[in-house]
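The values are calculated or read from the model by the stated rules, or taken from the named source; none is laboratory data. Keep in mind that this is a model prediction, so the values were computed, not measured. Cβ placement follows ideal geometry from the backbone for every residue including glycine, while neighbour counts extend to all protein chains displayed.
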Amino acid sequence: MVDFDDLAATWDDDPRRTQRSQEFAKLLAAAVPLRTDMRALEYGAGTGQMALSLLPHVGTIVLADASAGMVEVAASRIAQLDEPRLTATQLDLTTQSAEPQSFDLVYSSLVLHHVDPLPTALNAMFATLKPGGWLAAIDLEQDGGAYHAQHADFHGHDGFAHHQLQDLIEGAGFTDITFRAAGHTTRTAHGDHEEDREFALFLVTARRPA
């Protein structure tokens, strides 16, 4: 299993992650009609990189993550920036709930494939959205387990087939579900010869009915 508490302190050392977060924010902003009065929740926010890129397009963002280590780094960054529109909190939507009908947008990037049971988390996301609110998630296309091949004890999802994820999102109550290509992400494969591999991504958007 990936231990994000152990990774938190050095997470931002890889410049590819910063670039990826900026690209993801642009994709989301192009797909969802954002407003500067929106209250957003980023689930699996990590150290807050994507939130910083998205902040100019919304009002406030709550950075939520199940990892205490990631939340600590995110909170430290917010304090250094003295940014009152950002807050960080520890939250696991498979076992906890967020404020009901409180957010205009819930979004994530490369998070859903870690979440189990995913239907429970999707139900919680639906519940915390205001009527008419948006869900947006960037994640992996099905990859047969290659993306996490170096983690023998990984117990998440090996990417997603669109129709299977759509069924789960619809099951949580969402409508207007749309999938878009979202480019690729690169990961170094470790073995006899280290090499960079590209993995295809999608962006899925959906709405809680008004």
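Results, tabulated for the structure shown:
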{"quantity": "Residue list for segment 1-43, filter: buried (at least 16 other Cβ atoms within 10 Å of the Cβ), among the hydrophobic types (A, V, I, L, M, F, W, C) and at pLDDT 75 or above", "calculated": "Phe24, Ala25, Leu27, Leu28, Ala29, Ala31, Val32, Leu34, Met38, Ala40, Leu41"}
{"quantity": "Any pair with Cβ under 6 angstrom, 6 or more apart, that starts in segment 28-54 at a residue that is on the phi > 0 side of the Ramachandran plot and ends at one that is part of a helix (DSSP H, G or I)", "calculated": "Gly46/Met70; Gly48/Ala74; Gly48/Arg77"}
{"quantity": "Which numbered condition Glu23 misses (of (1) closer than 24 Å to Ile177 by Cβ; (2) touching a Leu at 6+ places or on another chain (Cβ under 8 Å); (3) among the acidic types (Asp, Glu))", "calculated": "(2)"}
{"quantity": "Condition check for Gln101: at pLDDT 95 or above, polar (S, T, N, Q), over 18 Å from Ala31 (Cβ atoms) and loosely packed, with under 14 Cβ neighbours inside 10 Å", "calculated": "yes"}
{"quantity": "Number of the condition not met by Ala161 [criteria: (1) within 26 Å of Ile177 (Cβ to Cβ); (2) crowded, with 16+ Cβ neighbours inside 10 Å]", "calculated": "(2)"}
{"quantity": "Count - residues of segment 164-182 that are β-branched (Val, Ile, Thr), touching a Lys or Arg at 6+ places or on another chain (Cβ under 9 Å) and buried (at least 16 other Cβ atoms within 10 Å of the Cβ)", "calculated": "1"}
{"quantity": "Residue in segment 106-117 that is within 17 Å of the chain's Cα centre (by Cα) and without any contact (Cβ under 8 Å) to a residue 24 or more places away in the chain present", "calculated": "yes"}
{"quantity": "Segment 118-137: number of residues that are assigned to a helix (DSSP H, G or I) and touching a residue at least 60 places away in the same chain (Cβ under 8 Å)", "calculated": "4"}
{"quantity": "Any hit, segment 152-162, residues being modelled with pLDDT of 95 or more, in a strand (DSSP E or B) and either out of contact with any Leu (no Cβ under 8 Å at 6 or more places or on another chain) or of a type outside the set (Lys, Arg) (or both)", "calculated": "yes"}
{"quantity": "Flag for Gly46 being at pLDDT below 95, crowded, with 18+ Cβ neighbours inside 10 Å and over 15 Å from the mean Cα position of the chain (by Cα)", "calculated": "no"}
{"quantity": "Residue pairs meeting the criteria (Cβ under 9 Å; at least 6 apart or on separate chains; first acidic (Asp, Glu), in segment 67-87; second surrounded by 17 or more Cβ atoms within 10 Å (Cβ to Cβ) and in a helix (DSSP H, G or I))", "calculated": "Glu72/Ala8; Glu83/Leu52; Glu83/Leu55; Glu83/Arg77"}
{"quantity": "Test: residue in segment 138-156 that is closer than 16 Å to Glu42 by Cα and either in contact (Cβ under 8 Å) with a residue 40 or more places away in the chain or of a type outside the set (A, V, I, L, M, F, W, C) (or both)", "calculated": "yes"}
